[in-house]
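Working notes for the structure below.
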Amino acid sequence: MRAWVVDAPAPVDAGPLRRVEREQPVPGPGQVRVDVVCCGVCRTDLHLAEGDLPPRRSLVTPGHEVVGRVSALGAGAARFAVGDRVGVPWLGRTDGTCRFCRRGEENLCTDPVFTGWDVDGGYADACIVEEAFAYALPDGLDDEPAAPLLCAGIFGYRALRCADVPPAGRLGIYGFGGSAHLSAQIALAQGLRVHVRTRGDGNQALAAALGADSVGGATDPPPEPLDGAILFAPAGELVPVAMRALDRGGTLAVAGIWLSAIPGLDYAAELFDERRLRSVTANTRRDGEEFLRLAGRLGVRATTVAYPMAQAPQALADLAYGRFSGAAVLTN
Ligand SMILES: [Zn+2]
Ligand SMILES: [Zn+2]
């Protein structure tokens, strides 16, 4: 089968991805093989290719927003049948035994395995997933728009919960890409007032089209103080900007696996009055199940741009340069 691998991490223009021929993977106990129908392109893939995230394995295949069909069952795998449509997410496995797993916070597991970082992901014809960590996908959701829900969507949903906005409260969203445009739909459907701050005409137009209460440039102050905010842009310089925009007691949730350096905070203007700054780390399977149910019920739809699997490097470059709005999806 064909698979893209991260050869040597390098700036996206230097071509860090290489396409190779590999043996068809064989599922082990409790695992299934998934023939990839399509795979979303997440910013984490870009961080991995460019070396912002240290490689955990050489020649790993990126991709953790996989929609595909089960094509082989490992020993003891019984949750899915051959031919079933499943989603393969970022959280590939947890140990189930550490202090965090035991208290239901498997997103903080001390020994996790991530798809497309520790084990090969979906920029390929097929990949392997632990059946307990795969998702059944609701019918009525097409393959391509379902892909970004599997990381961008689930993670955006967790970030929204971490921002801790009360019912009918005011939410700020900084940066408006794959995750943001999905969590904005949930927030609006739940009756929050949503203020989007982002660069890029395309992103601003998408935010307006989805019904954001206000849309502005990345550093423009929102028209009202925020109960909570999510920083999706990997831009540390926006942390003080967003902290200043919070009301007393407000929370900023930083949603990204990588962030550029955060400048010093002005204590009085940006942290005092019990403003809170926190990060968002991965997700639990419960977050995923909840989000996919909600997404089906509320009609959350990903705005996608399709690329043939052969054009994975182009899709990553276009993500790096902000050349599309919404989420890119590679199709086989
Ligand atoms: Zn991701
Ligand atoms: Zn654990």
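The values are calculated or read from the model by the stated rules, or taken from the named source; none is laboratory data. Bear in mind the structure is a predicted one, so any value in this text is a computation, not a measurement. So basically every Cβ, Gly included, is an ideal-geometry build from the backbone, and we count neighbours across all protein chains shown. Areas reflect the complete protein model, heavy atoms only, side chains present, ligands, DNA and RNA absent. Shrake-Rupley method; radii C 1.70, N 1.55, O 1.52, S 1.80 Å.
Taking the condition acidic (Asp, Glu) and within 16 Å of ligand 2 (Cβ to nearest atom), does residue 35 pass? Break it down into steps so the answer makes sense when it comes.
On the way: acidic (Asp, Glu): yes; within 16 Å of ligand 2 (Cβ to nearest atom): no.
In short, no.
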Restricting the search to the stretch 270-312, which residues are out of contact with any Pro (no Cβ under 8 Å at 6 or more places or on another chain), closer than 12 Å to residue 154 by Cα and open to solvent by 60 Å² or more (accessible area, probe 1.4 Å)? 281, 285, 286, 289
Inspect the stretch 140-150 for any residue being at pLDDT 95 or above, surrounded by fewer than 24 Cβ atoms within 10 Å (Cβ to Cβ) and within 13 Å of ligand 1 (Cβ to nearest atom) and give the result as yes or no. no
Write out, first by first residue and then by second, each pair whose Cβ atoms fall under 7 Å of each other, whose residues are 6+ apart or on separate chains, and whose first residue, in the stretch 46-68, is farther than 10 Å from residue 316 by Cβ while the second is of a type in the set (D, E, K, R) and open to solvent by less than 10 Å² (accessible area, probe 1.4 Å). 63/45
Of all helices (runs of 4 or more DSSP H) completely enclosed by the stretch 171-276, which ones contain at least 2 residues that are free of Cβ contacts under 8 Å to residues at least 24 places away in the same chain and among the aliphatic types (A, V, I, L, M)? 201-210
If residue 136 meets every condition in (1) surrounded by fewer than 24 Cβ atoms within 10 Å (Cβ to Cβ); (2) among the hydrophobic types (A, V, I, L, M, F, W, C); (3) within 16 Å of ligand 1 (Cβ to nearest atom) apart from one, which number is that one? (3)
Within the stretch 69-86, does at least one residue satisfy the condition of being in contact (Cβ under 8 Å) with a residue 24 or more places away in the chain and within 16 Å of ligand 1 (Cβ to nearest atom)? no
Restricting the stretch 158-182 to residues that are under 19 Å from residue 284 (Cα atoms) and among the charged types (D, E, K, R), which is least open to solvent (accessible area, probe 1.4 Å)? 158
Test: residue in the stretch 112-119 that is in a loop (DSSP other than H, G, I, E, B), away from ligand 2 (no atom under 16 Å from the Cβ) and not hydrophobic (A, V, I, L, M, F, W, C): yes
Against the condition open to solvent by 20 Å² or more (accessible area, probe 1.4 Å), out of contact with any helix residue (DSSP H, G or I) (no Cβ under 9 Å at 6 or more places or on another chain), at pLDDT 95 or above and within 16 Å of ligand 1 (Cβ to nearest atom), how does residue 118 come out, does it pass? yes
Please go through the stretch 47-104 and give me each residue that is touching a Gly at 6+ places or on another chain (Cβ under 9 Å), open to solvent by 50 Å² or more (accessible area, probe 1.4 Å), part of a loop (DSSP other than H, G, I, E, B) and within 16 Å of ligand 2 (Cβ to nearest atom), ordered by number. none
